[in-house]
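First comes the structure, then the notes that go with it.
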Amino acid sequence: MNINLFGIKTCDKVRSATKWLIANKINYHFIDLKSRKLKDAEINIWLKKISWEKIINKNSSTWRALTDDEKLKIVDCKSAKNLIIKQPLVMKRPIIEFGQQLIVGFSEKNFEDTFR
């Protein structure tokens, strides 16, 4: 089972996800969004699987720090991808790649359904 978990170590949801994976003896590879740039191709794959509206976290401090004009320009996959490349912390976390699946955020029930 190959699992990539994208996030930051200080995020509560990322910590909950990693604790759940460890407690359930599921190996994963952690990708720190603060130290590794996301690739254009990665984001394209994600946006084919999940709508940009579900990936962008409009409650994040990164989103709130944008000007109103910047926010109004995020209207489609292309503009969302450009924002994610420039400011990856605007995404909901964690983002988990598991086979062909993409999971956005942490929910214990969703993890149980997916990994068991």
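The values are calculated or read from the model by the stated rules, or taken from the named source; none is laboratory data. What you see is a predicted model; the values in this text were computed from it and never measured. Counting neighbours? That spans all protein chains shown, and the Cβs are built from the backbone with ideal geometry, glycine included. To get the accessible areas, we keep the full protein, side chains included, count just its heavy atoms, and leave off ligands, DNA and RNA. Shrake-Rupley method; radii C 1.70, N 1.55, O 1.52, S 1.80 Å.
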Considering only residues that are aliphatic (A, V, I, L, M) and open to solvent by less than 20 Å² (accessible area, probe 1.4 Å), look in the stretch 1-25 and name the one that is nearest to Gln100 (Cα to Cα).
-> Ile3
Any idea which of Ile103, Ile96 is part of a strand (DSSP E or B), within 23 Å of Asn24 (Cα to Cα), touching a residue at least 60 places away in the same chain (Cβ under 8 Å) and aliphatic (A, V, I, L, M)?
-> Ile96
Hey, which of the helices (runs of 4 or more DSSP H) in the stretch 1-62, taking only ones fully inside, have at least 2 residues that are aliphatic (A, V, I, L, M)?
-> 12-23, 40-49
Any idea which of (1) touching a helix residue (DSSP H, G or I) at 6+ places or on another chain (Cβ under 8 Å); (2) free of Cβ contacts under 8 Å to residues at least 60 places away in the same chain is the one Trp20 doesn't satisfy?
-> (2)
